[in-house]
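The values are calculated or read from the model by the stated rules, or taken from the named source; none is laboratory data. The model shown is predicted, which means the values in this text are computed figures rather than measured ones. Heads up, the Cβs are rebuilt from the backbone with ideal geometry, glycines too, and the neighbour counts pull from every protein chain shown. Quick note on the areas: whole protein, heavy atoms, side chains included, nothing else; ligands and nucleic acids left out. Shrake-Rupley method; radii C 1.70, N 1.55, O 1.52, S 1.80 Å.
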Amino acid sequence: MAKTVIGVMGASANDGLTASEASRLEQRAEELGSAIADAGCILVTGATTGLPDRVAQAFRKRGGFALGISPAENRREHVKRYGLPEDGADLIVYTGFGYKGRNVINIRSADVVLIFGGATGTLNEFTIAYDEGKIIGVLEGSGGVADHIQRIIEVCKKPTLGSVFFEAEPQRLVQMCLAAFHRVVAAP
């Protein structure tokens with residue numbers, strides 16, 4: 001049986017986290033990365049900086065395999081043009097599709113999508129996941145877009161075939177989303 005792939009979409013360093021926000025979310029990033037590793041999943045991120053990078057670092061310290069999906073067409077562009085880290089994943093796929101194209105691949109590569117803080121890029125990833133009926137977990141209290149997802153769903157009034165879960169504790173959020181995903185996979 002293939003391992004479940006969890007995508008973490010969230011605030012990059014470009015999203016303007018204040019020093020106090022970054023410090024406050026550091027522990028949650030470590031907890032989220034550890035929870036995903038402990039669940040035996042594969043991690044996918046946008047091969048970016050900020051919160052997804054911190055999650056990936058914690059995840060990889062626990063022996064997990066992290067896949068990064070880059071907006072760049074090659075390693076040089078990844079580092080020089082986009083200013084993204086080379087060491088944020090075990091394997092980086094260079095798409096050459098820019099941020100928006102990369103976001104589609106991120107979401108389609110994940111079985112479960114977790115929203116952790118974020119700004120417009122994370123909102124874009126959320127709307128793709130929502131439209132495509134993914135299992136989505138929102139880490140409550142992580143700031144940015146994550147703290148507004150419930151309201152966005154209410155305002156848009158668009159049905160989805162997926163499920164959206166809200167939880168402030170990383171371990172519980174991962175377990176809720178995995179249970180929902182496994183129910184969907186097991187359904188006839």
Note down the relative contact order for the chain as a percent, whole number, built from C-alpha pairs under 8 angstrom at least six residues apart.
-> 21
Cα centroid distance between region 155-188 and region 1-52, in Å?
-> 18
Along the Cα-to-Cβ line of residue 151, 7 Å from the Cα, sits a label point; which residues in region 105-142 have backbone N less than 11 Å from it?
-> none
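Counting Lys and Arg as +1 and Asp and Glu as -1, each charge on the Cβ, what is the dipole of the chain about the Cα centre in debye, to the nearest 20?
360
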Just going by the charge dipole of region 35-188, with Lys and Arg at +1 and Asp and Glu at -1 on Cβ, which of 36, 168, 46 is farthest out on the positive end?
-> 46
With a point put 7 Å past each Cα toward its Cβ, work out how far residue 81 is from residue 26 in nm, to one decimal.
-> 3.3
Run through every distinct alpha carbon pair of the chain and return the Kirkwood hydrodynamic radius in angstroms, one decimal place.
-> 16.1
Could you please state how large a percent of the accessible area of the chain is carbon and sulfur, counting protein chains only and using a 1.4 Å probe?
-> 53
Summed over the other residues with a beta carbon less than 10 angstrom from that of residue 142, with K and R at +1 and D and E at -1, the charge totals -1
Among 29, 19, 56, the residue with the largest mean-square fluctuation in a Gaussian network model of the chain built from Cα contacts under 10 Å is 19
Neighbour cut-off at most 14 other Cβ (10 Å), DSSP loop, trypsin sites (Lys or Arg not before Pro), region 131-188 | 157
Which of 85, 159, 52 fluctuates most in a GNM of the chain (C-alpha springs under 10 Å)? That residue is 159
Return one whole number: the accessible area per residue of region 8-160 in Å², for a 1.4 Å probe.
-> 44
Rounded to the nearest 5, the percent of DSSP beta bridges in the chain running antiparallel is 0
Max mean-square fluctuation residue, GNM over the chain, Cα-Cα springs under 10 Å, options 130, 94, 82 = 82
With +1 at each Lys and Arg Cβ and -1 at each Asp and Glu Cβ, the charge dipole magnitude of region 1-94 around its Cα centre, to the nearest 20 debye, comes out at 140
Would you compute, from DSSP H runs of 4+ residues alone, the mean residue ellipticity of the chain at 222 nm, taking -39500 (n - 2.57) per run and dividing by the full residue count, rounded to the nearest 500?
-> -14500 deg cm²/dmol
Whole-Hz couplings from phi, Karplus 6.51/-1.76/1.60, listed for region 115-124; x for Gly and Pro | 9, 10, x, x, 10, 5, x, 5, 4, 4
